[in-house]
1. Does residue 151 fit the bill of being modelled with pLDDT of 85 or more, assigned to a loop (DSSP other than H, G, I, E, B) and out of contact with any helix residue (DSSP H, G or I) (no Cβ under 9 Å at 6 or more places or on another chain)?
2. State all residues of the range 47-74 that are touching a Leu at 6+ places or on another chain (Cβ under 9 Å) and exposed (fewer than 15 other Cβ atoms within 10 Å of the Cβ); if no residue qualifies, say none.
3. Filter the range 94-104 down to the residues that are open to solvent by 60 Å² or more (accessible area, probe 1.4 Å) and either closer than 18 Å to residue 151 by Cβ or modelled with pLDDT of 90 or more (or both), then identify the one that is nearest to the chain's Cα centre (by Cα).
4. Does residue 107 satisfy the criteria of being over 16 Å from residue 138 (Cα atoms) and surrounded by fewer than 17 Cβ atoms within 10 Å (Cβ to Cβ)?
5. Consider the range 1-36. How many of its residues are surrounded by 18 or more Cβ atoms within 10 Å (Cβ to Cβ), among the β-branched types (Val, Ile, Thr) and more than 26 Å from residue 55 (Cβ to Cβ)?
6. So which residues in the range 1-32 are touching a helix residue (DSSP H, G or I) at 6+ places or on another chain (Cβ under 6 Å) and in contact (Cβ under 8 Å) with a residue 60 or more places away in the chain, if there are any at all?
7. In the range 75-88, is there at least one residue being surrounded by fewer than 16 Cβ atoms within 10 Å (Cβ to Cβ), within 21 Å of residue 139 (Cα to Cα) and within 12 Å of the chain's Cα centre (by Cα)?
8. Which of the residues spanning the range 120-133 are in contact (Cβ under 8 Å) with a residue 60 or more places away in the chain, in a strand (DSSP E or B) and surrounded by 21 or more Cβ atoms within 10 Å (Cβ to Cβ)?
Amino acid sequence: VGTCPIEIGYSGCCRGSALTNLTNPGSQGHYVWLQIWEYTPNNSSPEYLVPSYSIFDGQDVSYWSLTGADPQGDSLAYSSDTIFSSYNVPVNYALGFGLSIPYGNNGAYTLDTRTGGWGVDPSGFIPLGDYANAIQVREYRDGILQSIGSRDFTLSRISAVGPTDAQPILNTNLSPYQ
């Protein structure tokens with residue numbers, strides 16, 4: 001790993017006030033970032049291919065591909081990440097929520113670290129609401145770390161409206177911070 005990464009970040013205020021898993025979300029900012037290691041000339045960071053807001057009804061297992069694409073064809077690895085309010089300041093979770101339990105104690109989720117697939121299992125009770133999450137993407141070329149980036153996304157659980165085999169709705173007209 002390089003000794004001096006360059007970090008590029010964006011901070012904004014404030015989050016939407018309807019987020020279920022954060023304490024006073026309307027008073028918390030948001031921060032997304034990318035670290036690029038200095039010894040990687042002509043490297044582009046991965047691009048996210050899906051919107052950062054999804055809706056699910058909670059009747060069936062729901063799955064979202066949060067995958068990215070890398071212009072140079074580098075390998076990508078995914079993990080859940082800390083949600084930040086500003087540079088190096090994590091958000092305050094509401095009681096009963098946290099990084100490892102973003103949907104509460106009974107809200108099961110999975111993350112495929114190779115594909116960026118995020119799944120929510122309704123067998124655990126997830127209350128109706130909007131949930132802030134963050135995903136980290138690590139980019140590797142020939143086994144050497146090139147960049148690390150983090151992105152927030154919001155999942156909203158709504159009441160079931162229709163057949164139980166309905167697919168999650170991706171709405172590209174919504175911002176996770178409205």
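1. No; evaluated as a whole, the condition is false for this residue.
2. Across the range 47-74, the qualifying residues are 49, 65, 69.
3. Just the residues of the range 94-104 that are open to solvent by 60 Å² or more (accessible area, probe 1.4 Å), to begin with: 95, 99-100.
Then keep just the ones that are either closer than 18 Å to residue 151 by Cβ or modelled with pLDDT of 90 or more (or both); that gives 95, 99.
On the way: 95: 20, 99: 11 Å.
Per the criteria, the residue is 99.
4. no
5. 1
6. 14, 15, 19
7. yes
8. Selection gives 120, 130, 131, 132.
The values are calculated or read from the model by the stated rules, or taken from the named source; none is laboratory data. Keep in mind that what you see is a predicted model, and the values were worked out from it rather than measured. Every residue, glycine among them, receives a Cβ derived from its backbone with ideal geometry; neighbour counts consider all protein chains shown. Note: areas computed on protein heavy atoms with side chains; ligands, DNA, RNA excluded. Shrake-Rupley method; radii C 1.70, N 1.55, O 1.52, S 1.80 Å.
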